[in-house]
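A short write-up of the structure that comes next.
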Amino acid sequence: MLMSIPTWIIHLLTVSEWLTALLLIHRYGVRIARPGLRLFAVAMLPHLVGGLLVLAFHASGDRVDGLLDTARLFTFLGSWSLLAATLWLLLRARSKAVWVVAGLMAAGVGWGVSRLLGKADAAALLPGASLAYLAFLVLLLVLQRREPVLFSPVTVVGFWLLLVFVAGTIAATVFATERLGLPSLSHADLLHRGSELLLTVSNLLIALGVYRRLSTLDASDGCLPGPREVGC
């Protein structure tokens, strides 16, 4: 295996934190009686599967390319799922919300299929995944402004921090392959560890924000303070 034990630990923490955030968001949705939040937690599952597939790819010594391609596919699906779930939370009061969300998902999946058929390479899905995730982040800000009870500012910052991870990973990959002449980022363990640490911090903030909301509920007898008490 190419990764050192410290890098493995960071990778495992990253996936564990995302799973923890998923479970906490689902629990929070139950506590404040918001089914849309439970749906949002389900929408986080594709990214979890993608993370597990990346771990399997690294465990193979970065030799089984099919695992990485499948991880990219789940990353694509995960970004569109988060976008659809956030749109659902925004439009839940409108009768046509289900059709809007279904149309969005159909458009995203259709675009992805066309890209795969055209290039037969899962890397072709990454621009679409990035576009969907950016749209998700914008809608998340709108949602947080309209209904601040749903997502803690810490959680929102955590989701946005993933952009720093992406930028850092791209920069580290370019440096490792073009400046150091290595086959991939995985061959530069310290750079790999540093870029992955950014994702670990991002996922930690996502989970921490939800945990703090749940702690507030427990400390206030099941009610969140605000203009109108929530969760009572």
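Values in this text are rule-based calculations from the coordinates and carry no lab data. None of these values were measured; they are calculated from a predicted model. A quick note on method: Cβ atoms are made from the backbone with ideal geometry, for glycine too, and the neighbour counts reach across all protein chains shown.
Taking the longest Cα principal axis of the chain as reference, the axis of helix 153-174 is set at about 10 degrees. Report note on the peptides 175-187, 77-89, 133-145: ranked by the mean count of other C-beta atoms within 10 Å, highest first, their order is 77-89, 133-145, 175-187.
Taken along the Cα-to-beta-carbon direction at a fixed 7 Å, the label points for VAL64 and VAL30 span 3.3 nm. Relative to the dominant Cα principal axis of the chain, helix 65-91 is inclined by about 20°.
The residues neighbouring ASN203, those whose beta-carbon lies less than 14 Å from its own, together hold a net charge of -2 under the Lys/Arg +1, Asp/Glu -1 convention. Annotation for the range 1-80 versus the range 178-212: alpha-carbon center distance of 14 Å. At R0 = 30 Å, how high is the FRET efficiency between ALA107 and LEU45 if r is their beta carbon distance? Nearest 0.05 is fine. Calculated value: 0.90. Placing a label point 7 Å from the Cα of SER215 along the Cα-to-Cβ direction, none of the residues of the range 25-53 has a backbone N under 14 Å of that point. Of ILE32, ILE206, ILE170, the residue with the greatest mean-square motion in the GNM of the chain, using alpha carbon springs below 10 Å, is ILE170. Subtracting the Cα-Cα distance of ILE170 and SER16 from 0.36 nm times their residue separation leaves 53.1 nm of extension gain. Between the Cα long axis of helix 5-31 and the first principal axis of the chain there is an angle of about 20°, rounded to the nearest 10.
Using the Cβ-Cβ distance between GLU178 and SER4 with R0 = 30 Å, the FRET efficiency computed as 1/(1 + (r/R0)^6) comes to roughly 0.85.
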